[in-house]
Each structure stands twice: as structure tokens, then as C-alpha cells.
1. Select, from 93, 112, the only residue that is over 29 Å from residue 348 (Cβ atoms), touching an Asp or Glu at 6+ places or on another chain (Cβ under 9 Å) and part of a loop (DSSP other than H, G, I, E, B).
2. Residues 70, 66: which one is touching a Ser or Thr at 6+ places or on another chain (Cβ under 9 Å) and open to solvent by 20 Å² or more (accessible area, probe 1.4 Å)?
3. Could we say that residue 90 is in contact with a Leu (Cβ under 8 Å, 6 or more places away or on another chain), open to solvent by less than 20 Å² (accessible area, probe 1.4 Å), of a type in the set (Asp, Glu) and in contact (Cβ under 8 Å) with a residue 12 or more places away in the chain here?
4. With the structure loaded, tell me whether residue 10 is more than 26 Å from the chain's Cα centre (by Cα), over 25 Å from residue 128 (Cα atoms) and either modelled with pLDDT under 95 or not β-branched (Val, Ile, Thr) (or both) or whether it fails that test.
5. Would you confirm whether or not the range 196-207 contains a residue that is touching a strand residue (DSSP E or B) at 6+ places or on another chain (Cβ under 7 Å), closer than 22 Å to residue 24 by Cα and among the charged types (D, E, K, R)?
6. Could you grab me the full set of residues in the range 365-396 that are outside any strand (DSSP E or B) and either of a type in the set (Gly, Ala, Ser) or touching a Ser or Thr at 6+ places or on another chain (Cβ under 8 Å) (or both)?
7. Could you list all residues from the range 244-266 that are open to solvent by 10 Å² or more (accessible area, probe 1.4 Å) and in a loop (DSSP other than H, G, I, E, B)?
8. Could you pull out the residue among 269, 218, 289 that is open to solvent by 10 Å² or more (accessible area, probe 1.4 Å) and under 30 Å from residue 181 (Cβ atoms)?
Amino acid sequence: MTSYADQFLAAAYPEQELAFSIGEYKARHARLRQAMSDAGLALLYLSSPEAICWLTGYQAEWYHGQSSTQWPAFSGVAVYLDDDHWLHFETRDELLLTRITSVSEHVRLGGDTDLLESVIGGLTDEGWLRAGTRVGLEMGSYRPNRNQSQEFQAAIESAGGIVSDATKLVRAARRVKSPQELAHVRTAQRIADIGMAAARAALAPGVTELDVYAEIVYAMAKAGGENPGITMPVASGAKSACVHALASRRKIMPGDIVSVDVSGVYFRYHANMARTFSIGEPDPLVAEYIDRTLGALDVVREHLKPGATVSDVLKPLEEFYREIGAWENRWWVGGYELGIAFPPDWVGEFVYDEDSSPDQTFVENEVLNFEANFYLPKHAGLTMGINTLIVTPDGAEFLHSTPDEFFIVND
């Protein structure tokens, strides 16, 4: 007699929740295989949630990232240079989720404790792993962790594989966004604008940072937004200078500067935005200082374009901020790549700031944020200004509808 589980899984093929067309995923598979060919790799194993989602659509709430050592994080997707399909390795418990969220047609299952044996056995049976096979792994991913990744690599090498790091190869394949991806980013920005409007409406003397955070999350979820890759900060008073602070039970007081950093998320694509608020009328010196910093978006629009170097953008930005007397008070000026992200991070591979290689170039149809965060006079804390942009043929297109201004909240 078969178990209820076997009966259910044999019959359960629910409506799929796919982010993109099948053609989109096949195009990504072809792009990845071309990158493998260029790098001399025959086999690639994707282990990061972002890469698995990008190639197959699969997404989950748990990836065994920091869990018990009894449940290692060996699930992932294998891509072979000379095959037009991929192998998706998962635990039996997640089979239904692969059917709902992914386009994977070849799913190989194992248990929580023996998944590694299933992966190595599946790859060798398929003929993808044998003596001399050059294998790329995402060594820059947090999963599998150090102990597990060493075990994983040793198992591949015992089967004859020659292992190298393919982290940058995989991330580079995701950098340029397709038209469908850009449409999702635009939707994510609309969700972020809704979240920021909710923050503005919730801010008042006496409410806590968590009160404001709750209204942001609720408003964005009602608009179809998902949980972001980083917990969104709401930081008030002197704590506003802690850019990565968690919202707490601290009560927001009259005269406080409040920094709010949100990310709208749609099918795991992120759009990031931050604004600075004052609870009541601020000191005129503080208000005038913040207003002066807001003109930098025009500098970015003028200089950030396909083919421009990091230096082409950062030098005029530095000149602008030095002219207004803000450069020496910077917390950080720059930006980074955005796209698919899962906790614990939404920061992508490409970064542009004063410490980056000045000769790196911007590419058409990548998605970035631009951050400009500065310490304030009068011990007021810090001002945050963050916006998301697409690099178009005509330059930087900022996506936000929320005004790029310093908001004053009066009773």
C-alpha cells in the first residue's frame, strides 16, 4: 500500500507561479552555457538561491543555510555544457515546490541526510561527471557552508572532477537584464514607492520605529510586494547615523531625524530607495545642508551611461559634493547592482564607489542603486538618499516617483 505522501506527490501538479516565460529561462540557460564554454568548464553546479532562481524560477523560504549539520545544503542545479537540459537536485520534501515555482523538467530527489550521494550519483549516471571533467562551483555563496563545501568538492574530485571557482561567471551572466526582468524591476519600484508613502504617513512623535516598519511591510505586501533580502531599517535620532540598524521599540521624538530604507520586491527582483525625515521643523542649517546634497541626481544622469567608467561618474560626483561642502562628511557615496535577491542580502556583485577599480565600465540594461549618505551638522545624525536606476542607451533612468527631497513631518 502506498503512503499518503506518495499518493499525493504522484497526483499533485498545482497551478504554477512562474515569474517569466519558458523561453526566458531557456535563453538564460544558453547564456550560461556560452559563459561556461568561454571559461573552459564542462559542468557547473549552482548552489546560491539567486542563481537557482534565475535559471529555473525556483524559490523557497528555507535553504538550510545555517541549520543543523544533519541537514547539509547540497541542493542545487547542475548545468552541462553539451546538454540542453539541466538537472535540479532537491530533497523529496521540496518536490511540490519545484513544480509550483520552477520550470525544471529533470528533478532528482534525495533525503535531507543523503542528498550529496544523490547529486554525485546523478551526475555520474548522466555521464556529466567523470575523470577530467572541469567543474565550476559557486564558492562565493554562503551555501553550502565551509564544512559542507569542502565535503562537496572532495566528493566531486573523488569522482574525477577538477574543481574551480565559478562565482563571478555565474553572477556576470545575471548582470544584464532582459526586457521581462526590467519590467519586474519597475513593478518593484512602484511597490517601494508605496512603502515609502506608508512610512511618511506613519511617522509621528511617540510612535516606535517598529510601528513605522510594520506599516511599510503591510502596505508593500498589500501591493503584492515580497519580503526583501535585507531587513529594512527605520532609524531615528542619533541612531539615524546607523545605516544598518534594525527598527526597534525606540519611540520617535519631536526633532528627530529619521532614516527609512525600503526595497520593493517583485518575483524576487529588488528596487531600493531611502529617504530622510524630520519630525517637526529641523534646524535651518540641517535643512539647508540636506537640500544641497539632493542635486547630485542630475550629475548621475549626465555621466552614468553605457561604456562610462566608474571614474567618469565618481569624479564629477566628488567635485559636486566638494563644492557644496559635503564630501568630507560622507558616510558612503556610490552604488551597487540590484536584481534577484534572497535573505540575507540584496547587494549584487558590481559595486561602484571611490574604492572600486576606476576603469570598470557600466553596461546597458543593468540595474543599480545610487546612494548618497552624509553626516549632518548640529549632531543631528545622518541623511540617507538612495534611488534605483536602469542604465539605458541614453543614460541613467531613475525609477522612483517619490520626490527626491527632505521630508518634514508636522503634526
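1. From the options 93, 112, the qualifying one is 112.
2. Values: 66 fails: touching a Ser or Thr at 6+ places or on another chain (Cβ under 9 Å).
Just a single option satisfies the conditions, and that option is 70.
3. Numbers: in contact with a Leu (Cβ under 8 Å, 6 or more places away or on another chain): yes; open to solvent by less than 20 Å² (accessible area, probe 1.4 Å): yes; of a type in the set (Asp, Glu): yes; in contact (Cβ under 8 Å) with a residue 12 or more places away in the chain: yes.
Yes: the conditions hold for residue 90.
4. Values: more than 26 Å from the chain's Cα centre (by Cα): yes; over 25 Å from residue 128 (Cα atoms): yes; either modelled with pLDDT under 95 or not β-branched (Val, Ile, Thr) (or both): yes.
The answer is yes for residue 10.
5. No, that holds for no residue.
6. Residues of the range 365-396 that are outside any strand (DSSP E or B), as a first pass: 365-366, 376-381, 393-394.
Matches in the range 365-396: 365, 376, 380, 381.
7. 244, 245, 246, 247, 248, 249, 250, 253, 254, 255, 256
8. 218
The values are calculated or read from the model by the stated rules, or taken from the named source; none is laboratory data. Since the model is a prediction, treat every value here as computed from it, not as a measurement. Neighbour counts run over all protein chains shown; Cβ positions are idealised from the backbone, glycine included. Each accessible area value is taken on the protein alone, full model and side chains, heavy atoms only, with ligands, DNA and RNA left out. Shrake-Rupley method; radii C 1.70, N 1.55, O 1.52, S 1.80 Å.
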